[in-house]
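The values are calculated or read from the model by the stated rules, or taken from the named source; none is laboratory data. Remember, predicted model here, so these are calculated numbers, not experimental data. Cβ placement follows ideal geometry from the backbone for every residue including glycine, while neighbour counts extend to all protein chains displayed.
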Amino acid sequence: MRFAAPLTELALTNLIHAIDAVLPQTQCTRCEYPACHPYAEAVAKQAIPLNRCEPGGEEVITKIAHLLDQAPLPLFHPPRPTQVAFIREEDCIGCARCLPACPVDAILGARRWMHTVITEDCTGCDLCLKSCPVDCIEMVSPPGHWALPDPSLSRQRYHAHLSRQEHRRAKRDHDQDRAQRRAAMIENARAAMQARRNKTQ
Ligand code: SF4
Ligand code: SF4
Ligand code: SF4
């Protein structure tokens, strides 16, 4: 049974927080939302059923159902095998395109250097695959000791990833703005010099 009366803003915020807290924080987008928190928000606002988190499986569905006082539903997407990303280092060209693609910063590397996956931090979301221009990232069975990273650590890494991207975006905008202003100043100076030359001729 869904909530009979609309929730207050505070109750809704608490519910979103509680749902987000039980999600695995892979940020994989398989629920068709851009990350776990927006999915939690959509579920709390009743915009989407509670069974769309494939990595969370039945365990997460049961927890969300409990929070919503609702009956659980069968998993919407068929479960995928547990895998982690692996970079064939001998084929890596060091383009660094996979770094921004990984929502939890589980790839180590720098431009023009070989990259590698930190298996313990990898959630198996596979979002890095498409970013690689030479297809040297593949999904493989995790090593025996591997377990899905602690969701609270994945959430922290995701937020750190977002804030670094935001910082880079702001710096790029700032640099572009400065370059445009500089170009405009040079253009104005040229125009002023030309006007002065025209006067003296
Ligand atoms: S872990 Fe679940 S809720 Fe989070 S993005 Fe993936 S499918 Fe969506
Ligand atoms: S390395 Fe790839 S599969 Fe692993 S968490 Fe990052 S994007 Fe996802
Ligand atoms: S995208 Fe592929 S080639 Fe580029 S750094 Fe990452 S793994 Fe290497």
Handout entry: Among (1) assigned by TED's automatic domain parsing to the domain that holds Pro103; (2) part of a helix (DSSP H, G or I) - the single one Arg190 does not satisfy
Key = (1)
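If I filter region 66-86 for residues that are in contact with a His (Cβ under 6 Å, 6 or more places away or on another chain) and either within 16 Å of ligand 3 (Cβ to nearest atom) or charged (D, E, K, R) (or both), do I get at least one hit? Break it down stepwise before answering.
Let us first name the residues in region 66-86 that are in contact with a His (Cβ under 6 Å, 6 or more places away or on another chain), namely none.
So far as region 66-86 goes, no, none of its residues is in contact with a His (Cβ under 6 Å, 6 or more places away or on another chain) and either within 16 Å of ligand 3 (Cβ to nearest atom) or charged (D, E, K, R) (or both).
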Exercise for the section: Please list, ordered by first then second residue, the pairs with beta carbon atoms under 6 Å, 6 or more apart or interchain, first in region 36-61 and assigned by TED's automatic domain parsing to the domain that holds Ile19, second outside any helix (DSSP H, G or I) and of a type in the set (D, E, K, R). Expected result: Glu54/Arg30
Handout entry: Residue, nearest to Asp69 (Cα to Cα), within region 21-37, restricted to residues that are hydrophobic (A, V, I, L, M, F, W, C) and part of a helix (DSSP H, G or I)
Key = Val22
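Kindly indicate whether Asp135 is on the phi > 0 side of the Ramachandran plot and assigned to a loop (DSSP other than H, G, I, E, B). Spell out the reasoning first.
Values: on the phi > 0 side of the Ramachandran plot: yes; assigned to a loop (DSSP other than H, G, I, E, B): yes.
It is true that Asp135 is on the phi > 0 side of the Ramachandran plot and assigned to a loop (DSSP other than H, G, I, E, B).
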Handout entry: region 110-128 residues that are in the same structural domain as Cys98 (by TED's automatic domain parsing), paired with ones that are among the hydroxyl-bearing types (Ser, Thr, Tyr) and away from ligand 3 (no atom under 13 Å from the Cβ) (beta carbon under 8 Å, 6 or more apart)
Key = Asp121/Ser154; Thr123/Thr26; Thr123/Ser154; Gly124/Thr26; Gly124/Thr82; Cys125/Thr26; Cys125/Thr29; Leu127/Thr29
Completion exercise
Checking Ala18, Ala96, Ala65, Ala40 in turn, the sole residue that is in a helix (DSSP H, G or I), surrounded by fewer than 20 Cβ atoms within 10 Å (Cβ to Cβ) and either at positive phi or touching a helix residue (DSSP H, G or I) at 6+ places or on another chain (Cβ under 7 Å) (or both) turns out to be Ala18
Practice task
Tell me, please, whether a residue that is of a type in the set (S, T, N, Q), farther than 27 Å from Ala35 by Cα and out of contact with any Ser or Thr (no Cβ under 6 Å at 6 or more places or on another chain) can be found in region 153-175.
Solution key: no
Practice task
Tell me which of these Cys92 doesn't satisfy, since it passes every other one: (1) away from ligand 1 (no atom under 13 Å from the Cβ); (2) modelled with pLDDT of 95 or more; (3) farther than 30 Å from His115 by Cβ.
Solution key: (3)
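So, of the residues in region 110-126 that are in contact with a Gly (Cβ under 9 Å, 6 or more places away or on another chain) and within 11 Å of ligand 2 (Cβ to nearest atom), which turns out to be farthest from Pro81 (Cα to Cα)? Break it down stepwise before answering.
Taking region 110-126 first, the residues in contact with a Gly (Cβ under 9 Å, 6 or more places away or on another chain) are 110-116.
Pick out the ones that are also within 11 Å of ligand 2 (Cβ to nearest atom) and you get 115-116.
On the way: His115: 24, Thr116: 22 Å.
Among residues in region 110-126 that are in contact with a Gly (Cβ under 9 Å, 6 or more places away or on another chain) and within 11 Å of ligand 2 (Cβ to nearest atom), the one farthest from Pro81 (Cα to Cα) is His115.
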Fill in the blank from the handout: Checked against (1) more than 13 Å from ligand 3 (Cβ to nearest atom); (2) touching a Gly at 6+ places or on another chain (Cβ under 6 Å), Ile61 satisfies every condition except (2)
